[in-house]
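Below you'll find the structure, written out as structure tokens, and then a few comments.
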Amino acid sequence: METNEGNTIAELSTRQPIMLIFLRPFGCTFCREALAELSHKRYDLEAKGSKLVFVHMADMETADRYFARYNLDGVEHVSDPDCQYY
């Protein structure tokens, strides 16, 4: 599992605790609710030492647009359109 930043989940997890979040399709109501909630909690989680990492079913460009829409710019994420990791 390699992120948009070229890091593997294994590498990231040796640096700090990660919260690995598997998202449903971005158009899903539950996915949008989760992104909105995590957007509000992001800085608290990061301040406590955790790193958010998302796994999604979209291409990287689509994901970047969705994350920006929810003020989650710069989060690391894994594109899994074939649902190999799900």
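Restricting attention to the stretch 42-61, the residues that are open to solvent by 30 Å² or more (accessible area, probe 1.4 Å), assigned to a helix (DSSP H, G or I) and of a type outside the set (Phe, Trp, Tyr) total 6. Ala10 falls short on exactly one of the conditions (1) small (Gly, Ala, Ser); (2) exposed (fewer than 11 other Cβ atoms within 10 Å of the Cβ); (3) in a loop (DSSP other than H, G, I, E, B), and that condition is (3). Residues in the stretch 40-61 that are among the charged types (D, E, K, R) and touching a strand residue (DSSP E or B) at 6+ places or on another chain (Cβ under 7 Å): Arg42, Lys51, Asp59. I'm checking my understanding of the structure. Among residues of the stretch 67-86 that are within 11 Å of the chain's Cα centre (by Cα) and open to solvent by 50 Å² or more (accessible area, probe 1.4 Å), which one is nearest to Glu2 (Cα to Cα)? My answer is Gly74. Scanning the stretch 62-86 for residues that are part of a helix (DSSP H, G or I) and among the aliphatic types (A, V, I, L, M) returns Ala63, Ala68. Taken over the stretch 40-58, the criterion of being in contact (Cβ under 8 Å) with a residue 24 or more places away in the chain and among the basic types (Lys, Arg) is satisfied by Arg42, Lys51. Kindly check whether there is at least one residue in the stretch 16-39 that is surrounded by 15 or more Cβ atoms within 10 Å (Cβ to Cβ), of a type in the set (S, T, N, Q) and touching a residue at least 40 places away in the same chain (Cβ under 8 Å). Taking every residue of the stretch 16-39 in turn, none turns out to be surrounded by 15 or more Cβ atoms within 10 Å (Cβ to Cβ), of a type in the set (S, T, N, Q) and touching a residue at least 40 places away in the same chain (Cβ under 8 Å).
The values are calculated or read from the model by the stated rules, or taken from the named source; none is laboratory data. Computed from a predicted model, the values in this text were never measured in an experiment. As a convention, Cβ positions derive from the backbone with ideal geometry for all residues, glycine included, and neighbour counts pool all protein chains shown. All accessible areas refer to the heavy atoms of the entire protein, side chains included, with ligands and DNA or RNA removed. Shrake-Rupley method; radii C 1.70, N 1.55, O 1.52, S 1.80 Å.
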